[in-house]
Amino acid sequence: MMAVVFEISGDYAMFRKFYTTTSSVSYPFPPPTAVGGMLCAIIGEGNNSENAAHFANYWNTLYGNRVAISIMNQTRWYTASVNFWNFKNPEKAIHNIIKHQFVKNPRYRIYVEGPIEERLVPFLESGSFVFTPYLGTAYSLANITYIGSFESEPAGEDATFVKSIIPIESKPKIDFVKTRGVFKDIVPFQMDVERTLEKSITVFYPANFSTGIYVKNPSEIGAVNVGDDTIVFLPRWEKESS
């Protein structure tokens with residue numbers, strides 16, 4: 001199988017955690033739902049929002065594809081207050097000032113495998129995209145760099161460092177000493193065409209981005225070599241049966 005690889009970067013990113021309210025707290029990497037939205041922005045897949053603002057019809061294009069996500073820069077945080085117009089209750093206050101936690105100078109590598117590859121490559125090669133890609137918020141613009149298309153080959157039986165985030169459901173056997181720190185978080189994985197969250201997943205991600213997570217059972221968790229990187233794809237996006 002082939003995999004399309006590209007990098008996204010920018011000055012700031014903010015991927016708001018779903019359980020935050022007054023203050024916006026960010027994930028350190030784009031969750032799968034954000035990556036899916038970015039893929040469809042690149043190729044110009046519409047969401048049908050002209051009929052209803054909450055529609056997200058582009059999810060029909062994402063079914064059957066899967067992605068992997070790697071953190072390429074050490075995570076650094078930046079907190080700032082963002083001044084919003086208060087359209088709901090302007091008589092109380094003209095502005096709402098909301099604290100935001102941003103990732104500073106983020107850089108991520110995205111691996112894509114599935115039917116969407118054929119549509120992605122021409123846009124990535126030309127560096128021209130239908131909709132403006134951004135890193136979680138419209139004021140965090142994304143730079144996109146195409147790395148290439150590579151064969152996806154099994155990583156083998158020997159213990160190795162995995163560069164990408166790893167779904168906990170794959171049951172990785174992690175050497176925590178060699179990994180030198182690992183984090184766990186719950187991230188939104190899939191939505192439906194009305195932007196309702198259908199599924200979340202729990203993932204591991206490394207504290208040390210330059211090495212990754214040292215895994216003793218790479219073949220059991222589906223680790224593959226893509227170019228120079230060993231990664232684990234997240235589950236394939238599949239349409240929920242009604």
Original post:
With +1 on each Lys and Arg Cβ and -1 on each Asp and Glu Cβ, how big is the dipole of the chain about its Cα centre, in debye rounded to the nearest 20?
Top reply: 1100 debye
Subject >> For the chain: relative contact order, % (alpha-carbon pairs under 8 angstrom, 6 or more apart) >> reply: 28 percent
Original post:
The list (i) 1.04; (ii) 1.20; (iii) 1.09 gives values of Cα Rg over 2.2 N^0.38 Å, and only one came from this structure; which label was calculated from it?
Top reply: (i)
Subject >> Sulfur and carbon atoms: percent of accessible area, the chain [1.4 Å] >> reply: 51 percent
Subject >> Angle in degrees between helix 117-126 and the longest Cα principal axis of the chain, rounded to the nearest 10 >> reply: 70 degrees
**OP:** Could you give the size of the charge dipole of region 114-211 about its Cα centre, using +1 on the Cβ of each K and R and -1 on the Cβ of each D and E, expressed in debye and rounded to the nearest 20?
**Re:** 480 debye
Subject >> Rel. contact order, % - alpha carbon contacts under 8 angstrom, at least six apart, region 165-220 >> reply: 46 percent
**OP:** Could you state the accessible area per residue of region 191-232 in Å², with a 1.4 Å probe and every protein chain left in place?
**Re:** 41 Å²
**OP:** At most 14 other Cβ atoms within 10 Å plus a DSSP loop assignment makes a site exposed; report the longest stretch of the chain without any exposed GluC sites (Glu not before Pro).
**Re:** 92-156
**OP:** Sequence neighbours fewer than 8 away in the same chain don't count; with that in mind, list the lysines whose C-alpha is under 17 Å from residue 99.
**Re:** 17
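The values are calculated or read from the model by the stated rules, or taken from the named source; none is laboratory data. Remember, it's a predicted structure, so these values are computed and weren't measured experimentally. When we count neighbours, we look across all protein chains shown, and the Cβ atoms used for this are built from the backbone with ideal geometry, even at glycine. Note: areas computed on protein heavy atoms with side chains; ligands, DNA, RNA excluded. Shrake-Rupley method; radii C 1.70, N 1.55, O 1.52, S 1.80 Å.
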